[in-house]
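Here the structure comes first, spelled out in structure tokens, and everything after it is commentary.
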Amino acid sequence: MATAPELLKTSPEVVIRPMRATDVAEVVDIERCAYQFPWSEGIFIDCLRVGYVCRVVTMSRKVLGYGVMSVGAGEAHILNLCVGEACRCRGVGKRLLRSLVARATAAGMGAAYLEVRPSNTTAIRLYLSMGFEQVGSRRGYYQAPAGREDAAVLKLALRVADAPLA
Ligand SMILES: CC(C)(COP(=O)(O)OP(=O)(O)OC[C@H]1O[C@@H](n2cnc3c(N)ncnc32)[C@H](O)[C@@H]1OP(=O)(O)O)[C@@H](O)C(=O)NCCC(=O)NCCS
């Protein structure tokens, strides 16, 4: 996608909206390129069915990235956050993460949690830049080419006072 970096950061054409079942094929294409152990189409469909917060970032109707978050019992859990390779490093991931955090805050959640591979330094930098802090780890949480990989557990405390009006 031949798009100037600054355009993606600010363009009003870049829209974040709820994911629909008709987006899932595009989402899965991005997912398969991004992860060695990608979610299946069925997992995304299940996330939509159970009512998780599922968002896509689009430009000119094309899906650039997506995020999935569960919300409940006072906590949000960011389950997936991904931007297509061609659109990375242009602020799309941060914009998407901000919108998930805003949604969790507006829903009255006290904290947002996520797991990340310690080897995923790009994602960790994004999360730390948004104020997430490591609060623990889960042993053998992820599939890995040779066995399992631990997950770092990150938390962002949310304050209802930060929720955007309306
Ligand atoms: C992690 C991911 C979502 C970031 O999306 P992105 O759109 O590229 O990120 P942004 O352009 O919004 O950058 C946000 C911050 O991330 C960090 N970052 C992004 N790309 C980086 C890179 N190549 N190297 C180092 N830090 C990087 C920076 O801190 C950046 O903030 P800054 O621009 O203010 O310095 C994206 O790399 C991705 O989809 N990766 C594959 C899937 C994945 O690993 N998801 C996370 C699973 S836990």
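The values are calculated or read from the model by the stated rules, or taken from the named source; none is laboratory data. Just so it is clear, the model here is predicted, and its values are computed rather than measured. Calculation scope for accessible area: heavy atoms of the full protein, side chains included, ligands and nucleic acids excluded. Shrake-Rupley method; radii C 1.70, N 1.55, O 1.52, S 1.80 Å.
Here is how the numbers come out for the structure above:
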quantity: DSSP-defined beta bridges in the chain - what % are antiparallel, rounded to 5; calculated: 90
quantity: Choice from 34, 112, 73 showing the highest fluctuation, given a GNM over the chain with Cα pairs closer than 10 Å; calculated: 73
quantity: 150, 29, ranked by accessible area, largest first (probe 1.4 Å); calculated: 29, 150
quantity: Sequence-separation-based contact order of the chain, relative, with Cα cut under 8 Å and 6+ spacing, percent; calculated: 18
quantity: Residue of 64, 128, 114 that the Gaussian network model of the chain assigns the largest fluctuation, springs spanning Cα pairs under 10 Å; calculated: 128
quantity: Using distinct alpha-carbon pairs, which all enter the 1/r mean, Kirkwood radius of the chain in Å; calculated: 16.4
quantity: Most fluctuating residue given options 30, 78, 43, as computed from a GNM of the chain linking Cα atoms under 10 Å; calculated: 43
quantity: Residue-level accessible surface for residue 155, protein heavy atoms, 1.4 Å, Å²; calculated: 70
quantity: Theoretical ellipticity at 222 nm over the chain - DSSP helices of four or more residues, -39500 (n - 2.57) apiece, nearest 500; calculated: -9000 deg cm²/dmol
